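Below is one structure, written out as structure tokens, with a few remarks after it.
Bear in mind these aren't lab numbers, they're just calculated from the coordinates by the rules spelled out. Computed from a predicted model, the values in this text were never measured in an experiment. Glycine gets a Cβ as well: all are built from the backbone with ideal geometry, and neighbour counts include every protein chain shown.
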Protein chains: 4
Amino acid sequence: MYSYIYRHRVRYRECDPMGIVYHTHYLDYFEAARTEALRAMGLAYKTVEARGLFMPVIDLALEYKRPAYYDDLLEIDTHFDTVPRVRVPIGYEVRRAGEADLLVKGHVTLCFFDRERGQPIGAPAAIRALFERAMNGTGGGE
Amino acid sequence: MYSYIYRHRVRYRECDPMGIVYHTHYLDYFEAARTEALRAMGLAYKTVEARGLFMPVIDLALEYKRPAYYDDLLEIDTHFDTVPRVRVPIGYEVRRAGEADLLVKGHVTLCFFDRERGQPIGAPAAIRALFERAMNGTGGGE
Amino acid sequence: MYSYIYRHRVRYRECDPMGIVYHTHYLDYFEAARTEALRAMGLAYKTVEARGLFMPVIDLALEYKRPAYYDDLLEIDTHFDTVPRVRVPIGYEVRRAGEADLLVKGHVTLCFFDRERGQPIGAPAAIRALFERAMNGTGGGE
Amino acid sequence: MYSYIYRHRVRYRECDPMGIVYHTHYLDYFEAARTEALRAMGLAYKTVEARGLFMPVIDLALEYKRPAYYDDLLEIDTHFDTVPRVRVPIGYEVRRAGEADLLVKGHVTLCFFDRERGQPIGAPAAIRALFERAMNGTGGGE
């Protein structure tokens with residue numbers, strides 16, 4: 001498993017009249033979290049698109065257990081459990097920094113999609129290699 | 001079952017560099033769709049909050065099957081399968097107006113939450129009655 | 001002058017902990033309003049891009065005079081005062097449906113931008129003609 | 001003058017089919033920037049609301065000079081030119097980190113608003129004192 005913690009400060013525009021984070025914004029946090037998690041393993045998503053690939057979202061699910069409030073500092077624990085073949089399943093757990101209570105839990109599945117051919121393809125070998133290294137804890141990055 | 005069709009025109013701000021609707025915006029469409037579905041059965045969400053209740057989202061899931069594009073006119077088919085007790089599960093199917101292909105499918109579960117007591121409560125009888133009437137197809141509204 | 005009224009129902013996700021529409025969302029309403037105003041004069045923005053043109057925003061300004069609340073039905077009065085040459089200035093006034101009080105007032109300026117050449121260009125003659133007809137009140141549409 | 005640099009990484013969800021940051025998102029960056037600028041001078045906005053005050057936006061203006069792209073690291077230079085009395089005018093300049101070209105320039109004006117009385121009020125003395133210290137460059141913080 002490879003995991004990465006992304007931190008986000010809750011903004012006013014993200015909170016609703018109940019005074020809590022409106023439920024859709026967690027998906028925005030997840031996008032930022034997986035982008036930084038991938039960058040940390042050596043894969044800038046920008047370079048994925050530069051190779052003619054997209055990584056669209058194909059499914060997702062969330063469970064909201066406790067609310068987050070304005071100005072909370074959140075930790076989004078982002079984890080990749082397997083080296084991807086076609087699908088890239090990513091799990092997320094959200095907590096307030098320094099607290100144990102789980103606020104939100106979810107997963108988002110991406111796939112690799114070839115822009116030219118207009119269809120999903122398997123993960124390129126170079127990308128699989130980055131995942132393998134990250135999961136073996138031998139780092140990544142260059 | 002009670003179902004309701006909500007129409008939405010895709011806006012530029014909702015589309016991403018792939019030229020398709022960014023995945024989170026379907027949840028915005030779902031909020032508008034369920035609000036109008038509930039209004040059509042005689043329940044303005046505004047009056048729910050005026051009674052001291054909230055209806056927060058407790059879980060959701062989506063599957064993305066085909067993309068929607070800028071300026072598409074979408075139909076969000078919103079359906080309630082049961083009269084709610086504590087949870088209010090709502091299903092959604094998104095298609096282009098006049099087309100059969102399913103683009104996105106999902107559900108969002110709400111609950112009734114008592115603001116004063118700070119805890120979930122059962123659906124008030126008056127609200128259950130509105131759902132019953134709507135599901136019996138005897139209309140609603142006044 | 002050509003003017004067009006666009007209606008929008010305020011959504012929960014657009015309201016903040018003050019219980020009012022968060023200030024940025026008026027710009028979302030303005031996008032929808034100008035898109036429908038242009039469509040009503042015979043110009044679908046989608047066809048503008050299909051010709052190799054973009055219409056990016058180059059400046060904007062807003063004044064917030066009174067708040068709008070959850071579930072308000074708003075009218076966005078969208079007006080074009082001149083046939084555009086390079087810049088397309090568009091004015092907006094937001095009121096609650098059926099009320100005289102001005103809530104928000106603003107303008108957004110677009111320009112015509114040639115994607116190939118990577119620079120602003122003058123409004124194409126066919127587009128100027130649509131504006132002229134709309135401003136003469138002789139309608140538009142095909 | 002007191003100024004503060006806030007950094008933001010452009011996210012996919014913020015970019016439109018032109019491949020650039022959609023114009024409204026700069027206002028989201030400005031909210032985060034002024035929040036952190038105020039926190040750095042010793043004023044957490046959360047404590048402002050805890051005193052029964054709001055700081056709504058009363059006007060704003062932006063000029064878009066050059067586009068920002070996906071994954072750009074932006075610097076939002078946030079500056080306060082005067083100690084506020086009733087209005088709090090805040091200026092912003094956006095550049096790519098390490099580059100001189102101005103991308104976007106704008107201002108947003110807030111005011112102090114008393115929730116109980118339902119009207120604007122002058123800046124509280126304690127808040128004016130924090131601005132004075134920040135502008136004299138003697139720091140802030142506790």
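So in region D:70-129, with the set limited to residues that are in contact with a Ser or Thr (Cβ under 7 Å, 6 or more places away or on another chain) and among the charged types (D, E, K, R), which one is nearest to D:Arg39 (Cα to Cα)? Of everything passing the filter in region D:70-129, D:Asp77 is nearest to D:Arg39 (Cα to Cα). When the criteria are applied in full, A:Asp16 fails the requirement of being within 14 Å of chain B (Cβ to nearest Cβ), touching a residue at least 24 places away in the same chain (Cβ under 8 Å), crowded, with 19+ Cβ neighbours inside 10 Å and over 10 Å from the mean Cα position of the chain (by Cα). The set of residues from region D:78-91 being in contact with a Lys or Arg (Cβ under 7 Å, 6 or more places away or on another chain) and over 16 Å from D:Glu132 (Cβ atoms) comprises D:Thr78, D:Ile90.
When region C:19-47 is filtered for residues that are within 12 Å of chain D (Cβ to nearest Cβ), more than 28 Å from A:Glu14 (Cβ to Cβ) and surrounded by fewer than 18 Cβ atoms within 10 Å (Cβ to Cβ), only C:Lys46 remains.
Taking D:Tyr69 as the residue in question, decide whether it is away from chain C (no Cβ under 12 Å), touching a residue at least 24 places away in the same chain (Cβ under 8 Å) and under 20 Å from B:Cys15 (Cα atoms). Criteria met by D:Tyr69. Of the residues making up region B:6-40, those that are under 14 Å from B:Leu103 (Cβ atoms) and of a type in the set (Val, Ile, Thr) are B:Val10, B:Ile20, B:Val21. Of the strands (runs of 3 or more DSSP E) that lie entirely inside region A:3-107, those containing 3 or more residues that are basic (Lys, Arg) span A:87-96.
From the list D:Arg51, D:Arg9, pick out the single residue that is touching a residue at least 24 places away in the same chain (Cβ under 8 Å), within 27 Å of C:Ala68 (Cβ to Cβ) and more than 14 Å from chain C (Cβ to nearest Cβ). Sole residue among the options that is touching a residue at least 24 places away in the same chain (Cβ under 8 Å), within 27 Å of C:Ala68 (Cβ to Cβ) and more than 14 Å from chain C (Cβ to nearest Cβ): D:Arg51.
Looking at region B:117-131, I want the residues that are more than 12 Å from B:Gly52 (Cα to Cα) and have a partner that is among the basic types (Lys, Arg) with Cβ atoms under 7 Å, at least 6 apart or on another chain. Which pairs are those? Listed by first residue and then by second, the contacts come to B:Gly122/B:Arg85; B:Ala123/B:Arg85.
Out of region C:105-120, which residues are farther than 23 Å from C:Leu27 by Cα and touching a Pro at 6+ places or on another chain (Cβ under 8 Å)?
Answer for region C:105-120, where residues must be farther than 23 Å from C:Leu27 by Cα and touching a Pro at 6+ places or on another chain (Cβ under 8 Å): just C:Asp114.
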